[in-house]
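We did not get these values from a lab; they are worked out from the coordinates using the rules stated. Note that this is a predicted model, so its numbers are computed, not measured. Here the Cβ positions follow ideal geometry from the backbone for every residue, glycine too, while neighbour counts run over all protein chains shown.
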Amino acid sequence: MLLPKFEYHEPSTLQEALKLLSDLGGNAKLLAGGTDLLVRMKRKIDKPSHVISLARIPGLDEIVPRNGHSVTIGSAVSAAKLAGHELLSDRFTPLAMAAGRLGAPMIRNRATIGGNLVNARPAADLPPACMVLDATLKLKSASREREVLVNEFFRGPGETIIEQDELLVSIDINTPAPWSGGSYIKLGARKTLEISMVNVAVMLTLQSPDGSITDAKIALGAVAPTPVRALLAEKQLIGATPSEALFEKAGQVGVGTCSPITDHRGTMEYRCMMIEVLTKRCLMQAFERAKSWRPGR
């Protein structure tokens with residue numbers, strides 16, 4: 001299938017890109033990795049008159065630690081770079097794990113974190129991971145800049161709060177507290193190039209290696225119109241002593257957060273069962289990582 005005709009722009013600065021986005025209005029689309037946009041253009045779902053490439057804009061493809069307190073991830077950082085980054089694997093584990101499960105190696109080399117978030121697919125890999133890490137998204141236009149919490153970013157399938165003239169510039173994440181651990185699990189019919197039937201991301205923080213849970217975050221994908229936080233399950237965990245029975249109960253409570261559908265990948269009933277199973281499993285993995293936390297690791 002051929003792409004529809006369009007005018008191609010390759011700005012070399014962020015300011016130039018934002019001005020183009022403002023001037024061209026709804027006739028323009030942003031191109032980062034292109035793993036979603038080019039497919040949609042070939043299928044004639046999107047027919048932009050202008051395509052603005054982000055490839056030459058400096059800084060958008062960088063991961064920058066901030067004195068051990070936080071990390072700033074440019075919106076054009078690829079999934080492969082996220083998955084292979086030592087700091088992310090160590091301290092921001094759900095994000096690195098989710099990036100490693102996105103698509104196949106060829107897709108991971110092109111797909112970007114910004115595109116995965118802005119496309120707002122209910123089954124996307126990176127949103128749940130960003131949600132349990134309390135990520136903040138920096139949005140910029142030619143005339144303004146704002147920061148929004150990732151938990152407030154999604155409105156529905158393919159819909160976010162980003163405005164037509166805005167660009168997602170970066171994702172900022174504070175470093176998790178000591179004795180924290182996280183995990184991510186994705187369920188699909190195959191290991192690569194699969195859309196999730198259910199995906200689960202978790203972050204746990206312990207008072208000490210053998211202490212109670214001081215903070216818990218659970219996010220679920222592919223089970224509602226947007227990725228969701230299992231707030232009631234989180235509340236049940238905080239202050240409690242970790243145990244397999246506790247984590248099993250949290251999985252059962254988490255089902256109440258969701259409204260899964262039946263489609264060709266799985267039934268509603270099967271998805272509900274898997275929410276329980278995978279939430280428990282993800283919590284167990286996060287607990288083991290939290291217990292083995294080490295300063296400066």
Burial order of peptide ranges 33-43, 93-103, 113-123 (average beta-carbon count within 10 Å, highest first): 93-103, 113-123, 33-43
Förster-model FRET efficiency, 45 Å R0, Lys235 and Lys5, C-beta, rounded to 0.05: 0.25
Cα gyration tensor shape of segment 76-131, rounded if a/c is under 1.5, else prolate or oblate by comparing a/b with b/c: oblate
25 Å Cα-Cα reach of Lys42 towards lysines, excluding residues that sit fewer than 8 places from it in its own chain: Lys5, Lys29
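Within 10 Å of each residue's Cβ, count the other Cβ atoms and sort Asp125, Asp61 from fewest upward.
The most exposed by this proxy come first: Asp61, Asp125.
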Contour minus Cα-Cα distance for Thr262 and Asn27 (0.36 nm per residue): 81.1 nm
Normalised per residue, the volume of the convex hull around the Cα set of the chain (Å³): 123
Prolate/oblate/rounded call for segment 64-174, Cα gyration tensor, a/c under 1.5 rounded: oblate
Amide H contacts of Thr175 (H built 1.01 Å from N, under 5 Å, at least 5 apart or other chain): Ser70, Val71
Relative compactness, segment 7-53, computed as alpha-carbon Rg over 2.2 N^0.38 Å: 1.11
Karplus-derived 3J(HN,Hα), 6.51/-1.76/1.60, for each residue of segment 204-214, Hz, glycine and proline x: 10, 10, 9, 5, 6, x, 10, x, 7, 7, 9
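What does the charge count near Glu248 come to, summing +1 for each Lys or Arg and -1 for each Asp or Glu among other residues with Cβ under 11 Å from its Cβ?
+1
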Helix 268-291 vs. the chain, principal-axis angle (Cα, 0 to 90°, nearest 10): 70
Three-way shape label, segment 180-291, alpha-carbon gyration tensor, a/c 1.5: prolate
